[in-house]
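Notes for the one structure printed next.
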Amino acid sequence: MDSSVVHTQVSPLTGLPQASSDDHLVEMWLSKSESDCTRKVYSRVIKRFRLWLGTKRLQQVTALDLLAYQETFKSTWADATCNQHKAAIKSLWTYGCELQYFSFNIPHACYKLRKPRPVTAERILTEEQMQSAIDAEPNPKAKLFLRFLYSTALRVSEALALQWKDFVILGDRVFVQVHHGKGDKFREVGCSALVYMDLWDTKPDSTTPDDKVFKIAYVTAWRWVKASLKRINRPEGSPHWARHAHAVASHRNGADWHSISQQLGHANASFTMDRYGHFTGDHSSDFIEC
C-alpha cells in the first residue's frame, strides 16, 4: 500500500442539517452571543415573529411572509427598533444557512436596514431639564441611577450589566468598562467622579467585585426614568433620552464628536454628528433676519 496516500474520512453529517427543529435552531443561535442583553432582545424579537407565524415552521417562511410581517412594525417605532427586528431575523437565517437548516437566506434579500434618522428635537432635553428631573426625583436610588445614565450615556442594558470590577480609576478620572455593548463590542467610557463616589457610598460592606452595581430589573429602571421625566412634563420620554441629552450637552460644552462617538459606542464620529449635530453650534437660519 502506498504510504503517501492520505485517506480523508468524510463526516456522515456533511450535507445534513445540524439543527433538529425550529426550537433547537433558535436555542443554538441565541447561545452564540456572549451578551445577556443581546440574547434577551433577540429572544424577544424572534418570539414575536414566531407568534405571528402561528403554526408555520421557519423553513416554510417565504419572502411574502417577511414583507407582510414588516407591515406589523408599529408606526411609532424608531428606525433603530425596526432595524433591531430585521437584524435579528437576518442573523437567525444566516446562522441557519450555515448549519444547512435553511437552503436560502430569504431575509437577506428582503430586509434592508435603514440608516437611522437624526434624533428629532422633541427627544432632546436641555441641561436645565435634565438637572430638574434629577433634582425633583425623591427616590435616592432612582436619582443616582438617572445621574449615572446622564453622566455615562450608557444604554440601560449596559448599566444594568455593570459590575463593580468594571470601574477603572486613573488619577482623578473614573472610567467604566463596557464588556458587552451593542453588537457585543467592548468600550471604555468616562464617568463623573462625583457620581462614582456617591455610588461607592451606597455599596454594602459585603459587596464583591463581581456584584452588579445596580441590582434592579430592567422594568424597574425604565419606570424610574419615566417617572422622573414625567415630573418635568415629559411623560413621553425614555431612558434613552438621557443618552441623547449627554451627547448634545457634552458637545455644546466643548467635547469633540470623536470622543462623544466613543462614549456612546457608535461605529464612527460621522454617524454621531449626523444624529446630533443639528442641535449644536450655529445654524444657517441664525444668520437670517427678515
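The values are calculated or read from the model by the stated rules, or taken from the named source; none is laboratory data. This is a predicted model, so every value here is computed, not measured. Note: ideal-geometry Cβ built from the backbone for every residue, glycine included; neighbour counts use all protein chains shown.
Looking at segment 121-132, can you tell me whether even one residue there is at pLDDT below 90 and surrounded by fewer than 14 Cβ atoms within 10 Å (Cβ to Cβ)? Explain how you work it out, then say what you get.
Filtering segment 121-132 down to residues at pLDDT below 90 leaves 121-124.
With surrounded by fewer than 14 Cβ atoms within 10 Å (Cβ to Cβ) added as a condition, the list becomes 121-122.
Yes: one or more hits.
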message = Quick check on segment 203-215. Is at least one of its residues touching a Lys or Arg at 6+ places or on another chain (Cβ under 8 Å) and not in a loop (DSSP other than H, G, I, E, B)?
response = no
request  = Could you grab me the full set of residues in segment 51-74 that are in a loop (DSSP other than H, G, I, E, B) and either touching a helix residue (DSSP H, G or I) at 6+ places or on another chain (Cβ under 9 Å) or within 16 Å of Leu113 (Cα to Cα) (or both)?
outcome  = Lys56, Arg57, Val61, Thr62, Glu71, Thr72, Phe73, Lys74
request  = Out of the residues in segment 123-140 that are touching a residue at least 24 places away in the same chain (Cβ under 8 Å) and either in contact with a strand residue (DSSP E or B) (Cβ under 8 Å, 6 or more places away or on another chain) or of a type in the set (D, E, K, R) (or both), state the one that is farthest from Thr272 (Cα to Cα).
outcome  = Glu137
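So is Gln84 surrounded by 13 or more Cβ atoms within 10 Å (Cβ to Cβ), at pLDDT below 95 and outside any loop (DSSP other than H, G, I, E, B) or not? Break it down into steps so the answer makes sense when it comes.
Working: surrounded by 13 or more Cβ atoms within 10 Å (Cβ to Cβ): yes; at pLDDT below 95: yes; outside any loop (DSSP other than H, G, I, E, B): yes.
In short, yes.
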message = Looking only at residues that are in contact (Cβ under 8 Å) with a residue 40 or more places away in the chain and more than 13 Å from Tyr276 (Cβ to Cβ) in segment 250-265, which one is nearest to the chain's Cα centre (by Cα)?
response = Gly265
task = Being under 25 Å from Val219 (Cβ atoms) and surrounded by fewer than 19 Cβ atoms within 10 Å (Cβ to Cβ) is the filter here, so list the residues in segment 23-44 that pass it.
result = Glu27, Leu30, Ser31, Ser33, Glu34, Asp36, Arg39, Lys40, Val41, Ser43, Arg44
